[in-house]
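Just below is one structure, and these are the notes that go with it.
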Amino acid sequence: MGRDRKFSITELYEHTQALLLEVGYEGFTFSLLAERLHVARGTIYKYFKNKDELITAFMIYEMNQFMKKLEQIEEKGDFERQFTYLMEIIFERTEIQELINITKQVNTTNEKTVANQTYFKSMSINMYTCLQNFVQLGKQEGKLNPSLPDTMILGFIFQSVAIPNHFQLPREQWVQSIIEMVSNGIRT
């Protein structure tokens, strides 16, 4: 038997993401992933017991990448600059909403998967906690409605990425329109 080909964690997760978006949770298999990575299927099993373990580890990796960027938000200055930065990093990964929905299909089949899901949920809470200063700054500067709950404001901002672009507006126009709607509403 030949030597196993090496692959990086980045390469593994890039192919995991591409396959999940192409074939969904049900269609995702280690066989397809191994084919993309040009390795034997058993090579992947050396690291993960099943696809649920891999998918939850992948989502933790994605959240870590996002959190590294998010932690820089306070360096951006006033609320408007922080808001623009937040929208930029959210819209860098418009497929994240679809990936989160795919992750909801994961079966909690073993301890590692359960631990990964629990950790991912705690990371989501940490993300909202990290943004508390952002929301408070917006309220202090009179840019955000002080009567709205912080979590409602953040949820609305994060869900804006899920607005479909049915008419295929150019990406920049679509993103700027969403930013305008989140910032100022739909009224003139």
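The values are calculated or read from the model by the stated rules, or taken from the named source; none is laboratory data. Quick caveat: nothing in here was measured; it's all calculated off a predicted structure. Cβ placement follows ideal geometry from the backbone for every residue including glycine, while neighbour counts extend to all protein chains displayed. Note: accessible area is taken over every heavy atom of the protein model, side chains too, but ligands, DNA and RNA are not part of it. Shrake-Rupley method; radii C 1.70, N 1.55, O 1.52, S 1.80 Å.
Before moving on, here are some points about what is shown:
- Residues whose placed amide H lies under 5 Å from that of residue 7, excluding near-sequence neighbours: none
- Residue 72 paired with residue 104, simple spin-label distance in nm, labels 7 Å along Cα-to-beta-carbon: 3.1
- Dipole axis of the range 1-132 (+1 Lys, Arg; -1 Asp, Glu on Cβ), positive-most option in 56, 24, 37: 37
- Taking only the alpha carbons of the chain, we obtain Rg and Dmax values of 19.2, 69 Å in that order.
- Carbon and sulfur %, accessible surface of the range 124-171 computed with the full protein complex present, 1.4 Å: 63
- Surface composition of the range 63-103: carbon and sulfur make up 44 percent of the accessible area, probe 1.4 Å.
- Lysine pairs meeting the criterion (Cα under 17 Å, 8 or more apart or interchain), as found in the range 1-156: 12
- Trypsin sites (Lys or Arg not before Pro) within the range 14-95: DSSP coil, no more than 16 neighbouring Cβ in 10 Å: 46, 49, 93
- Average accessible area per residue (Å²) across the chain - probe 1.4 Å, nucleic acids and ligands excluded: 60
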